[in-house]
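Below is one structure, written out as structure tokens; comments come after it.
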Amino acid sequence: MERLQKANHNNPTDYIQNNFPNEEIFRFILTHPDMDHMSGLKTLFDKKYIRNFWHVPENKPNPGGWENSLYDKTDWEFYQSLKKGSIKNVNVLSPLRNTNADCCWVQDGIKILSPNKELIKIAEESKEYDHLSYVLQITYNGVRVMLTGDASKQALDDVVKNYEENELRSSILLAPGHGSKNHISIDFLEAVKPRLTVVSVAEGVDYDRDTYKKHGLVLSTKYYGNVKVRINEEEKIIFRTEFWDYSNKWYPI
Ligand SMILES: [Zn+2]
């Protein structure tokens, strides 16, 4: 019961407010236009100054059904305003695969692996917006982290086709599509070879644990609550979880 009560307090906006009260947010990356990835967007922008906003250029129509939705129409409308550039003092960017720039994401170690224009077209035509999710690889202190949003199997296979295996190799993976079975690309997993996979999945929701556990250590938020991973100076990776086996101290992988 205690575990459940604590888990209910994992509101990311509160977390950011409480842990970084006096800091602005340099960059917010919206992986794709699904509501579970932008819930609370308006509140966060009200509370924090956010300098750069990234989104994939797409024309998803208003999903509607707001009366019975878990999500707030205000967040959808705020996203539309951001896209139009009508929110003041926010720099709105839509970089795609392999885009470079003088400032600042290359210097920050961010490499954009997906989407490209072709995947955006496939997503628009099929109305399956997971095909256009950002897939980003971040390198920090020589350690690579793969952030996959809700990228589909097709998008991940496309990434595998376009990069060498050693380019994709990453120590830490955030599982695509909340770890769901139909977001699994074995080729992608074998190229990334994660040592640690974090799966962001709600309590009561299943994910493909059987597949992920064949590829390094797997920690799901469903079981472990918040998962924190740190990369320290000596290229070492340490982590701790909110609940269970790894909750009492930092563990190396
Ligand atoms: Zn999602």
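The values are calculated or read from the model by the stated rules, or taken from the named source; none is laboratory data. Keep in mind that this is a model prediction, so the values were computed, not measured. All Cβ positions, even for glycine, are placed from backbone atoms using ideal geometry, and neighbour counts span all protein chains on display.
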Exercise for the section: Could you name every one of the strands (runs of 3 or more DSSP E) located completely within the stretch 173-235 that has at least 3 residues being surrounded by fewer than 18 Cβ atoms within 10 Å (Cβ to Cβ)? Expected result: none
Problem - Boolean, S86 is away from the ligand (no atom under 16 Å from the Cβ), over 17 Å from the mean Cα position of the chain (by Cα) and outside any loop (DSSP other than H, G, I, E, B) - result: no
Exercise for the section: Quick one: which residue in L189, L147, L217 is within 16 Å of the ligand (Cβ to nearest atom) and of a type in the set (A, V, I, L, M)? Expected result: L147
Problem - Residue in the stretch 171-180 that is modelled with pLDDT of 95 or more, over 24 Å from D130 (Cβ atoms) and outside the structural domain of H32 (by TED's automatic domain parsing) present - result: yes
Handout entry: Selected residue (only one of Q17, Q107, Q5 is part of a loop (DSSP other than H, G, I, E, B) and modelled with pLDDT under 95)
Key = Q107
Problem - Of residues in the stretch 14-43 being within 16 Å of the ligand (Cβ to nearest atom) and out of contact with any helix residue (DSSP H, G or I) (no Cβ under 8 Å at 6 or more places or on another chain), the one farthest from V90 (Cα to Cα) - result: D36
Practice task
Take V135 and decide whether it is aliphatic (A, V, I, L, M), free of Cβ contacts under 8 Å to residues at least 60 places away in the same chain and in contact with a strand residue (DSSP E or B) (Cβ under 6 Å, 6 or more places away or on another chain).
Solution key: yes
Fill in the blank from the handout: Selection from the stretch 90-140 of residues within 16 Å of the ligand (Cβ to nearest atom), loosely packed, with under 15 Cβ neighbours inside 10 Å and under 13 Å from I29 (Cα atoms) yields none
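Those residues that are of a type in the set (S, T, Y) and more than 15 Å from the ligand (Cβ to nearest atom), I need them from the stretch 156-186; list them, please. Write out each step before concluding.
We begin by selecting, within the stretch 156-186, every residue of a type in the set (S, T, Y); these are 163, 170-171, 180, 185.
Listed by number, the residues that qualify are Y163, S170, S171, S185.
Here's the yes/no breakdown for (1) touching a residue at least 24 places away in the same chain (Cβ under 8 Å); (2) assigned by TED's automatic domain parsing to the domain that holds D150; (3) within 23 Å of V135 (Cα to Cα):
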residue	(1), (2), (3)
P12	yes, no, yes
N18	no, no, no
E24	yes, no, no
I29	yes, no, yes
S39	yes, no, yes
L82	yes, no, yes
C103	no, yes, yes
D108	yes, yes, yes
K111	yes, yes, yes
Exercise for the section: For the stretch 238-249, state whether one or more residues are touching a residue at least 24 places away in the same chain (Cβ under 8 Å), out of contact with any Asp or Glu (no Cβ under 7 Å at 6 or more places or on another chain) and exposed (fewer than 14 other Cβ atoms within 10 Å of the Cβ). Expected result: no
Handout entry: Residue in the stretch 44-56 that is nearest to the ligand (Cβ to nearest atom), counting only those that are out of contact with any helix residue (DSSP H, G or I) (no Cβ under 7 Å at 6 or more places or on another chain) and more than 16 Å from D14 (Cα to Cα)
Key = W54
